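Structure first, then comments.
The values are calculated or read from the model by the stated rules, or taken from the named source; none is laboratory data. Every value quoted in this text rests on a predicted model; they were computed, and no experiment measured them. All Cβ positions, even for glycine, are placed from backbone atoms using ideal geometry, and neighbour counts span all protein chains on display. Note: areas computed on protein heavy atoms with side chains; ligands, DNA, RNA excluded. Shrake-Rupley method; radii C 1.70, N 1.55, O 1.52, S 1.80 Å.
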Amino acid sequence: MEVYGDEFTVPDNYSMEDIKHRVRSWLASPSGTDYVMEVVSERQVILTKAKHDLKICCYGCIAMIASIFLLVFIMIGISFPMYSYAALMNAMMSYVAVIGVIMAITIAVFCLKPEKAVFEMRFGNEIPIQVYIHRSGELDKSAYEYAALKDAIQGGYSQRGGPAPTY
């Protein structure tokens with residue numbers, strides 16, 4: 001987990017109401033739709049995004065579907081007359097146990113290990129307003145969202161590489 005702090009000053013003519021409006025506008029934008037805002041105090045806001053990795057869920061489903069073929073081989077192997085009914089039931093119970101373990105591990109990893117990004121913002125009392133942002137979590141995956149948030153608060157567009165609209 002990465003942790004990074006950033007500090008900048010907004011223009012002199014911005015009030016706290018302007019900044020609050022800009023943060024709410026960013027939350028309504030496509031960059032901020034996955035974030036949840038928690039207002040700690042008048043001068044402290046926490047924005048959190050917890051996005052689950054759907055690949056983890058798919059791995060468990062694929063493992064369960066692949067294990068169906070294992071069940072077929074178990075049934076074919078046990079269907080010979082030399083094996084008893086007890087052996088068939090033991091094989092079935094062990095198959096169910098394997099499926100249960102796969103499901104439990106997959107669900108636990110999927111639910112307990114989301115890709116999380118947290119932006120904790122504090123605003124100073126001085127004029128011009130000083131903004132302190134403490135970022136933690138999956139920062140490389142949320143870099144674009146952070147840049148959009150910073151641009152929204154500052155009221156401009158920073159120089160990010162790549163094509164941009166020309167006015």
- Task: Filter the range 124-135 down to residues that are open to solvent by 20 Å² or more (accessible area, probe 1.4 Å) and outside any loop (DSSP other than H, G, I, E, B) and give me whichever is farthest from Leu27 (Cα to Cα).
- Result: Gln130
- Answer residue from the range 14-45, given it is among the hydroxyl-bearing types (Ser, Thr, Tyr) and over 13 Å from Ile129 (Cβ atoms) and is surrounded by the fewest Cβ atoms within 10 Å (Cβ to Cβ) among those: Ser41
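Looking at the structure I just gave you, is Val40 touching a helix residue (DSSP H, G or I) at 6+ places or on another chain (Cβ under 8 Å), of a type outside the set (Asp, Glu) and modelled with pLDDT of 75 or more?
Details: touching a helix residue (DSSP H, G or I) at 6+ places or on another chain (Cβ under 8 Å): no; of a type outside the set (Asp, Glu): yes; modelled with pLDDT of 75 or more: yes.
So Val40 does not fit the description; no.
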- If we ask which residues in the range 136-152 are surrounded by 15 or more Cβ atoms within 10 Å (Cβ to Cβ) and not in a helix (DSSP H, G or I), their number turns out to be 5
- Task: Output yes when any residue across the range 46-58 is open to solvent by less than 60 Å² (accessible area, probe 1.4 Å), among the hydrophobic types (A, V, I, L, M, F, W, C), assigned to a helix (DSSP H, G or I) and free of Cβ contacts under 8 Å to residues at least 60 places away in the same chain, and no when none is.
- Result: yes
